[in-house]
Amino acid sequence: MQLLDGLATAALVRQSIAREVQSMVASGKRPPHLAAVLVGDDPASRSYVTGKIKACEEVGFLSSLIAFPSTISEQTILETIDDLNQRSDVDGFIVQLPLPQHIDATKVLLRLNPEKDVDGFHPVNVGKMCLGLDGFLPATPNGILRLLEQYHIETTGKHCVVVGRSAIVGLPMSILMQRQHYPGNATVTIAHSKTQSLRDITRQADILIVAVGRPGTITGDMVKDGAVVIDVGVSRVEDATKKSGFRLTGDVVFEEVAPKSSYITPVPGGVGPMTIASLLLNTLQAALNHQKSSA
Ligand code: NAP
């Protein structure tokens, strides 16, 4: 078994982005600028956004955090998006999900200019992804593709089972794994909460990608020998031995599944850092597109 080291791979991606930013700045251009909109005080959301801002600083990007209390009106969020859409000093921005109940997340998403949608969630970018056209790929699935690539994992003709069908992870992952180039060309099965006999399906997977959000979803008996296992899930579970009182865990029972796998991602340190690296890559691309269109 070999660990798919997301921390190390993301560090390589950040180094190459930092070099590109240095040459951009040396040629007199402004560094890429990512803005993040955060609503409310959910500790997990705050920690994700803080991680993204910190990563921007590491590679030399400019970043802005626009934080609102959870009581903020939908109208104010929409006006903030309108402002970010038209600001020429912002190349890309994200709205950290989930949003409070009284704010319609779909309405917010549809308001984004697809050219600044570096999360790749806008229907225009989703459509481009489905058709194999240039656009912003969603960060988590794209980060997984880059991890598979870094470790030269064969995907062509393999059976890939994706557990979870969310718009941000499972669904785009299933589409990307069957695209007509590497990493891709896999035969894909997608499973979800209504799937019957999940174990029979996951046991057929050469590549098993799990994005459910429930610790313990995948046990050792659900994985075939030699499978590549990608654990996207991140859940906080109580742990009195930790100063914070909790630890992060994935969907896969690592101790049972790791010995059977050829490759496996740890949680934390697997998919998470690659998600942030992909967001940086999209922001760099947005800045390059922006410079080109305003040249
Ligand atoms: P989500 O929107 O809640 O989707 C979960 C999916 O899992 C749904 O499609 C659901 O099926 C399916 N599911 C639920 N119970 C199941 C079961 N018992 N068997 C099979 N499928 C089941 O979650 P998400 O946004 O995709 O996120 C999934 C996990 O990934 C979460 O832990 C999240 O924190 C983590 N995540 C991590 C990163 C990262 O960078 N590491 C990024 C994004 C998300 P239905 O569609 O039928 O309800």
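The values are calculated or read from the model by the stated rules, or taken from the named source; none is laboratory data. Since we're looking at a predicted model, the values are computed, not measured. We place every Cβ from the backbone using ideal geometry, glycine too, and count neighbours over all the protein chains shown. What goes into the accessible areas is simple: the full protein's heavy atoms, side chains included, and nothing from ligands, DNA or RNA. Shrake-Rupley method; radii C 1.70, N 1.55, O 1.52, S 1.80 Å.
Inter-label distance, Ala18 to Gln101: 4.5 nm, where each label sits 7 Å from its Cα along the C-beta direction. Note on the chain: helix-only mean residue ellipticity at 222 nm, from DSSP H runs of 4+ residues weighted -39500 (n - 2.57) and normalised by residue number, equals -12500 deg cm²/dmol. Rolling a 1.4 Å probe over the heavy atoms of the protein chains gives the range 216-295 an accessible area of 45 Å² per residue. Can you tell me the 0 to 90 degree angle between the C-alpha axis of helix 271-293 and the longest principal axis of the chain, rounded to 10? Between the helix axis and the principal axis of the chain, the angle is about 30 degrees. Evaluated at q = 0.07, 0.10, 0.16 Å⁻¹, the base-10 log of the normalised Debye intensity for the chain, with identical point scatterers placed on the Cα atoms, takes the values -0.27, -0.55, -1.35. The trypsin sites (Lys or Arg not before Pro) of the range 132-208 that meet both conditions, a loop assignment by DSSP and at most 10 other Cβ atoms within 10 Å of the site Cβ, are Lys194. Restricting the trypsin sites (Lys or Arg not before Pro) of the range 219-295 to loop positions (DSSP other than H, G, I, E, B) with no more than 15 neighbouring Cβ atoms within 10 Å leaves Lys224, Lys242, Lys243.
Across the range 41-57, rounded Karplus estimates of 3J(HN,Hα) from the backbone phi angles (6.51 cos²θ - 1.76 cosθ + 1.60, θ = phi - 60°) give 10, 4, x, 5, 4, 4, 5, 4, 5, 4, x, 5, 5, 4, 5, 4, 4 Hz, Gly and Pro being marked x. Rounded to whole numbers, the Karplus 3J(HN,Hα) couplings from phi for the range 164-175 are x, 10, 5, 5, 9, 10, x, 5, x, 4, 5, 5 Hz, using 6.51 cos²θ - 1.76 cosθ + 1.60 with θ = phi - 60°, and x at Gly and Pro.
For the chain, averaging the sequence separation of C-alpha pairs within contact (under 8 Å, six or more residues apart) and dividing by the residue count gives a relative contact order of 21 percent.
Solvent exposure of Cys130, expressed as accessible area, is near 70 Å², computed with a probe of 1.4 Å over the protein chains only. Under 5 Å between amide hydrogens, built in the peptide plane, is the criterion, and for Val95 it picks out Val37 among residues at least 5 positions away or on other chains. With the convex hull of its Cα atoms as the shape, the range 145-243 has an orientation-averaged projected area of 7.6 nm².
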